[in-house]
There are 6 protein chains.
Amino acid sequence: MTSLKVYVSRKAHFSAAHRLYHPSLSEAENLALFDKCSNANGHGHNYTVEVTVAGNPDPISGYVIDLKKLKRIIDEHFIQFVDHKNLNTDVPFLQGIIPTAENIVAACWLQIQPHINEGSLYCIRLYETENNFVEYKGE
Amino acid sequence: MTSLKVYVSRKAHFSAAHRLYHPSLSEAENLALFDKCSNANGHGHNYTVEVTVAGNPDPISGYVIDLKKLKRIIDEHFIQFVDHKNLNTDVPFLQGIIPTAENIVAACWLQIQPHINEGSLYCIRLYETENNFVEYKGE
Amino acid sequence: MTSLKVYVSRKAHFSAAHRLYHPSLSEAENLALFDKCSNANGHGHNYTVEVTVAGNPDPISGYVIDLKKLKRIIDEHFIQFVDHKNLNTDVPFLQGIIPTAENIVAACWLQIQPHINEGSLYCIRLYETENNFVEYKGE
Amino acid sequence: MTSLKVYVSRKAHFSAAHRLYHPSLSEAENLALFDKCSNANGHGHNYTVEVTVAGNPDPISGYVIDLKKLKRIIDEHFIQFVDHKNLNTDVPFLQGIIPTAENIVAACWLQIQPHINEGSLYCIRLYETENNFVEYKGE
Amino acid sequence: MTSLKVYVSRKAHFSAAHRLYHPSLSEAENLALFDKCSNANGHGHNYTVEVTVAGNPDPISGYVIDLKKLKRIIDEHFIQFVDHKNLNTDVPFLQGIIPTAENIVAACWLQIQPHINEGSLYCIRLYETENNFVEYKGE
Amino acid sequence: MTSLKVYVSRKAHFSAAHRLYHPSLSEAENLALFDKCSNANGHGHNYTVEVTVAGNPDPISGYVIDLKKLKRIIDEHFIQFVDHKNLNTDVPFLQGIIPTAENIVAACWLQIQPHINEGSLYCIRLYETENNFVEYKGE
């Protein structure tokens, strides 16, 4: 098996508060658009992020990328900024961005992608709840 | 991030009875083909359906499609017809169709696709049990 | 550790159809009492049953009861009668019993309890859906 | 089976923000006590609550309590007050209470217990994350 | 709420190899007793351990025991000895003990119990697989 | 619906021991590369494998491939060789291969692919733990 493409994935978890609210809209317009997600004092979630890297397993290690190393990259460049934080106020790379799942997953890609040097970042999936999730593939 | 493609997904659940049985086959042939799934008085499942829509997040809302709205579409056009029903006898859009997971997921696509006006329907995954699931992408 | 009491549990799964309906009530009364669960052609579930036996681990084997043996007892005396069946019509030990989760778990106890000869049957938990479950302890 | 005791359980879900912080302590003392859970702008969780009622199944319905009715009680007297809310500021029955899981589950008991008229409230379990949960049995 | 008893639980995970084998029995007797679990070169599991402590929440912190502290106790006195280890050969407190789930959970109790100084250790549950688990309550 | 492409998936489970270790490297180099995964006496996991076959549902049966048949193929050609085994020493088709998840999933493809005669093998996903998984699509 000299050349084969394998997708390797690692999950990580964080707990954060957020509020969906656009500053150019009125309170009533925000409520109409975001309903209970616009609650003034916020709400929160246990988020799960799944990061997938694609590449050829190294002939010596058998790894596309050491998942312990991938875990460190996710922790250092994403989780530590968002875990036990308020996504509207506390996160440098989310300033001025409404923290919908769509916008968080795209911001997560920008944080992590530059640090993947073995294989290439293929997909990030973000669960906001058990029933709601989003994916971004850098397209 | 002016243009990016995000896949957003929503899960929904329903409980239904069904029986796998082809009317042009004899009882013995149905048993040979469908085994215990052809039990005359039926059996049932807790099904989970995952509907995925792909598109660009709206610059104001940050949503590809409001997942509360997607939930309403799934409920109105699919779940209310199948939840706590018998899939062989009670569902208008399954008349004459053997309710295998493959056929249910294709019928679900036809029910939901016309109502997705923000982004486009990308995939529907249907779990029949924890260990068995199918996907359809409109191909 | 000469004497210690350990509770050992084994899960099993079955898929069945059922309908909640009392023959002494009218259709309207059944609908008022059981709502969509009284649908005439039935509905169904993927059930999970968790059987717990309490006792002292054997000094040689370290087992309270071999869980492979417990699995066989559950399969032979319960699962084979209910899996891919209609609980209203097909199950000898449920004849004349409305197949609510409460009644199924009590019937399961009567089926399994006589066959537990190592340790003693302590509890049976039955999941009807991810969100609904019942327990019976022989009281 | 004229007299048997069955425990029936229903799960419900809510998403909320909170902050662990005692007003009589300094910022430094709060940080020492609650660590990252004391983050000034809060964080949040997807909580799951499991409410268990014990009693004898009704001879007609086969129910200890209709789980659809139990769901309504949980929703009306607990979920609607906490879902998509900030537990420090928005919830009347948590005023002046540090919203640890221990305190939330005890408050939930006080909200729900008076409304259980069939069977009796036996236990409430509250998951704060997949790995952390608490139980209260009215003791 | 001056006096109330709350049960708080924390999950932890470890991956280990083991083999079920009694040295006083022949190979054939071990195979008869433990079947495929006696495979000479071992097999393994992702184990999950749930540790439950019962007590009164502290009036200041609202904690029975800080779950971060409970996590440290579990890690220091149990997980670091068993994670990514062979339970037959590598674990001091399992020397001479057949590593059935029953025996592991009892050994875990002895490791952790002396370090619980807030509240009291109430129960340890150990999952060997999704379908097999055991509990010990110090009886 | 004369022509449609559906992806059907079946999960299976196995428990195995393994050790990550390259024979051409020193103990120190193996430790540096594989860390705790190189533990001399091994460790182990509950693995889950998800096999996905793509094809057109048969007009009579409504099946792409009977999932009971797919289960048999997975069991006969993969699970029986790896379940309750040591992946370094006991598995013919893993001889000389470091049993990383990447290498196991590729070997699983080679074992199963020749036996899929209805539809075509599309993807195999292998979970090593809840948080770590890999996928191979035959590329």
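The values are calculated or read from the model by the stated rules, or taken from the named source; none is laboratory data. On a predicted model such as this, the values are computed, not experimentally measured, just so you know. Here the Cβ is made from the backbone with ideal geometry for all residues, glycine too, and neighbour counts use every protein chain on show. Side chains included, ligands, DNA and RNA excluded: accessible areas come from the protein's heavy atoms. Shrake-Rupley method; radii C 1.70, N 1.55, O 1.52, S 1.80 Å.
Centre-to-centre, using Cα atoms only, segment A:7-59 and segment D:84-139 are separated by 26 Å. Summarising the label geometry, the points placed 7 Å from Cα in the beta-carbon direction at D:GLN95 and F:ASN41 lie 6.1 nm from one another. Which of rounded, prolate or oblate describes segment D:1-61 when judged by the alpha-carbon gyration tensor and an a/c cut-off of 1.5? Cα axes put segment D:1-61 in the prolate bin.
Given R0 = 41 Å, the distance between the Cβ atoms of F:GLU76 and A:GLN113 translates into a calculated FRET efficiency of 0.45.
Of the residues making up segment A:95-138, those losing 50 Å² or more of accessible area when the isolated chain is joined by the remaining protein chains, with a 1.4 Å probe, are A:GLU102, A:ASN131, A:ASN132, A:PHE133, A:GLU135. Across identical copies of the chain, F:THR89 has label-point separations of 0.7, 5.6, 5.9, 5.9, 6.2 nm, listed in ascending order, with the point defined 7 angstrom from Cα along Cα→Cβ. Total buried accessible area between B and C, probe 1.4 Å, nearest 100: 1500 Å².
Relative contact order of chain B: 30 percent, from C-alpha pairs under 8 Å at least 6 residues apart in sequence.
For segment A:2-60, with all protein chains present and a 1.4 Å probe, just round the carbon and sulfur fraction of the accessible area to a whole percent. Here it works out to 54 percent. Taking a sphere under 13 Å around the Cβ of B:LYS69 and counting the other residues whose Cβ falls inside, with K and R at +1 and D and E at -1, yields a net charge of -2. For A:ASN56, what charge total do you get from the other residues with a beta carbon under 15 Å from its beta carbon, if Lys and Arg give +1 and Asp and Glu give -1? My count for the surroundings of A:ASN56 gives -4. Calculated FRET efficiency, D:ASN56 and E:HIS13, Cβ-Cβ r, R0 35 Å, to nearest 0.05? With R0 = 35 Å, the Cβ-Cβ based efficiency is 0.35.
Normalised by the number of residues in segment E:30-100, the average gap of Cα pairs under 8 Å and 6 or more apart makes the relative contact order 12 percent.
When shorter helices are ignored and each DSSP H run of at least 4 residues is given -39500 (n - 2.57), the per-residue value for chain F at 222 nm works out to -6000 deg cm²/dmol. Summary for C:ASP75: label point 7 Å along Cα→Cβ; distances to the equivalent points in the other copies, ascending, 0.8, 4.1, 4.1, 4.2, 4.2 nm.
The residue of chain D whose Cβ sits closest to the rotation axis that maps D onto F, together with that distance in whole Å, is D:GLU130, 5. Using a/c under 1.5 as the rounded threshold, could you call the protein assembly as shown rounded, prolate or oblate? The axes a ≥ b ≥ c are square roots of the C-alpha gyration tensor eigenvalues, and prolate needs a/b larger than b/c, oblate otherwise. Because its axes are fairly even, with a/c under 1.5, the protein assembly as shown counts as rounded. Sorted from longest to shortest, the spans of the Cα atoms of segment B:75-139 along the three principal axes equal 33, 26, 19 Å.
Within the protein assembly as shown, DSSP assigns beta bridges of which about 95% are antiparallel (rounded to the nearest 5). For chain B, the solvent-accessible area of protein heavy atoms averages 40 Å² per residue (probe radius 1.4 Å; ligands and nucleic acids excluded). With the convex hull drawn over the C-alpha atoms of chain A, the volume per residue is 112 Å³. For the peptide C:19-26, the mean number of other protein chain Cβ atoms found within 10 angstrom of a residue's Cβ is 2.
Counting Lys and Arg as +1 and Asp and Glu as -1 over every other residue whose Cβ lies under 13 Å from the Cβ of E:TYR136, the net charge comes to -1.
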